[in-house]
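Since the structure comes first, as structure tokens, the remarks are kept for the end.
No value in this document is a laboratory result; all are computed from the given coordinates. Every value quoted in this text rests on a predicted model; they were computed, and no experiment measured them. Positions of Cβ are generated from backbone atoms using ideal geometry, with glycine treated the same way; all protein chains shown enter the neighbour counts.
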Amino acid sequence: MEEKTIKIALLGAGTVGSGVYALSEMLKDEMPKKSGAKLEIKKILVRDTKKEREGIPRKILTADWAEIRDDDEIKLVVEVMGGIEPARTFITEALKAGKQVITANKDLLAEYGQELLTLAEQCSCDLHFEAAVGGAIPIIRPLKQSLTGSVLTEVMGIVNGTTNYILTKMTEDGMDYSEALEQAQKLGYAEPDPTADVEGYDAARKIAIMASLAFNSKVTFADVYTEGITKITQRDIQYAKEFGYVIKLLGVAKLRDGRIEVKVHPMLIPDSHPLAAVRDSFNAVFVHGEACDDAMFMGRGAGKMPTASAVMGDIIAIMRNILHDNCGWNGGVAYKNIPVKPVEETESRYYLRLKMEDKPGALAHLAGILGGNDVSIAQMVQKRRYNGIAELVIITDSVRERHFDDALLAVKEMSVLKEVSSVIRVYEG
Ligand code: NAP
Ligand code: HSE
């Protein structure tokens, strides 16, 4: 009996798209066993059809979306081009044309994920996006399927490979920030504009997507309080080490007292914590639920082949659905409307590094300001003293963020203060 062939199109042949093409070649012979049919990548949409692309025949490249949209032989569209537009329009049109869709595009999903999932349901089409969070790590399917038997209350993790790579290189090799960023870009981890990585926007999009799935409520990029790693210095990394911590960029989403807390920021975590051992471009996600308790997922969070592997897993799953006429169930459509808590009402511990004139009474004054704003000091060390200036590092107990902000404003008014050098949150476990 002749084997069936399922024809698909890729939108994009960059880092991820070229990886998907390479993987389809590697898996060619096995594909009928894995999925029930042969796979043919019939067309690839790119901007520049003249550019040489290793291993990809030029004749399947097109710059014309309509050629793909209007081709009834193409049953599945894989969007790996990135950005909001035209990706949003192309996915919408593909679904309306009855095509199944895969996307790795967290920018789009963190804004319009709920809209697109609803449309996919209306069109009885699959919309899969395993590669959008955590690269090769299976985390979307567990959140939508395996863990839905639990009431999930917490999702937390390292979800940006570029920043984890940079912080690892700064911590372990003493590398400076820009050198580490350049290497991450060369390795294909970074977004086309790495600002999204280093300012925490990429992680914010991923935590928004995961929070929506975990809590069954719409959380968008705009809901996430976001701080990046651009202000982290070699000095903070060294001091954190001396206190027994490492600095990581974390995404944290919690369901507390009927509200969602959702933040991305650098954090000092104890060097004995499992997340401290997540190095280089690896990502890791912790999930906590009332029935499942703790679960952890770890793997390569970025890069050509790890990301392509997640896309290919989705391709194979959808090929099976096509063959069994089983498309259209996606899960993940929000059915609750849980409010997001303003960041000032959440609680954190803090690492505070500052410089002030080394005068009698200065420390007592500082401690008075902190105490007067409900900020309790857990540890305080005078690190250096030079030219009449003292450098202090303080680690606080847990405090409402609004109270810490008030304290910091008052500290900045102190006549002996020279500089607030760093403010970084500290893990509360
Ligand atoms: P990339 O290397 O910049 O590739 C983008 C591709 O899309 C290029 O082939 C480009 O064509 C094509 N393209 C972009 N805009 C287009 C347009 N308007 N019309 C036609 N073609 C267009 O990006 P990438 O790193 O592969 O990322 C792709 C997506 O995967 C993004 O959503 C990203 O967030 C996501 N993602 C990336 C990674 C990673 O590790 N890189 C991991 C997970 C998810 P030309 O080649 O002609 O310019
Ligand atoms: N730029 C992203 C990262 C790619 O560094 O994690 C994976 O989404």
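Measure nothing but the geometry: give the 0 to 90° angle between the long axis through the Cα atoms of 87-96 and the longest principal axis through the Cα atoms of the chain, rounded to 10°.
Roughly 40 degrees between the two axes.
Take the Cα gyration tensor of region 75-215, multiply each eigenvalue by 5, square-root it, and list the three semi-axes largest first, rounded to whole angstrom.
For region 75-215, the ellipsoid semi-axes come out as 30, 19, 11 Å.
If Rh is defined by the Kirkwood formula over all Cα pairs and Rg also comes from Cα, what ratio Rg/Rh do you get for the chain? Mind showing how you got there, number by number?
Working: Rg = 24.1 Å, Rh = 23.1 Å.
Computed over Cα atoms, the ratio is 1.04.
What ranking do 128-140, 314-326 get when scored by the average of other Cβ atoms within 10 Å per residue, highest first?
Averaged packing, sorted descending, gives the order 128-140, 314-326.
Using alpha carbon coordinates only, what is the Rg to Rh ratio of region 140-296, with Rh defined as the Kirkwood radius?
Rg divided by Rh gives 0.98.
Across region 351-368, in residue order, what do the Karplus-derived ³J(HN,Hα) couplings come to in whole Hz, using 6.51 cos²θ - 1.76 cosθ + 1.60 with θ = phi - 60° and x for Gly and Pro?
Those phi angles translate into 9, 10, 10, 8, 10, 9, 4, 8, 10, x, x, 5, 5, 4, 4, 4, 4, x Hz.
Could you state the angle between the C-alpha long axis of helix 304-323 and the longest principal axis of the C-alpha atoms of the chain, as a value from 0 to 90 degrees rounded to the nearest 10?
It is inclined by approximately 40 degrees.
For region 317-429, just say rounded, prolate or oblate: build the C-alpha gyration tensor, square-root its eigenvalues into a ≥ b ≥ c, call rounded for a/c under 1.5, and beyond that prolate if a/b exceeds b/c, oblate if not.
prolate
Relative to the longest principal axis of the chain, what angle (0 to 90°, nearest 10) does the C-alpha long axis of helix 401-412 take?
Around 50 degrees separate the two axes.
What residues qualify as long-range amide H neighbours of SER422, i.e. H under 5 Å apart, gap of 5 or more or another chain, H built at 1.01 Å from N?
Long-range HN contacts for SER422: ARG353.
7 Å from Cα along Cα→Cβ at both LEU417 and ASP294: what's the point-to-point distance in nm?
The modelled label-to-label distance comes out at 3.7 nm.
GNM on the chain, C-alpha springs below 10 Å: top fluctuator among LYS206, LYS263, LYS34?
LYS34
Write down the Å³ per residue value for the convex hull defined by the alpha carbon atoms of region 6-129. List each step's numbers first, then the result.
On the way: hull volume 12.5 nm³, N = 124.
Cα-based convex hull of region 6-129, divided per residue, equals 100 Å³.
Applying the Karplus parametrisation 6.51 cos²θ - 1.76 cosθ + 1.60 with θ = phi - 60° to the phi angles of region 337-347, what ³J(HN,Hα) value in whole Hz is obtained for each residue in order, glycine and proline being reported as x?
10, 8, x, 9, 6, x, 4, 4, 8, 7, 10
Do the alpha carbons of any pairs in LYS144/LYS241; LYS33/LYS304; LYS186/LYS231; LYS43/LYS144; LYS51/LYS218 sit beyond 28 Å of each other, and which pairs?
LYS144/LYS241; LYS43/LYS144; LYS51/LYS218
Taking every pair of Cα atoms in region 356-395, average 1/r, invert it to obtain the Kirkwood radius, and report Rg/Rh to two decimals. Can you show the working numbers first?
Details: Rg = 10.6 Å, Rh = 10.7 Å.
Using only Cα positions, Rg/Rh for region 356-395 is 0.99.
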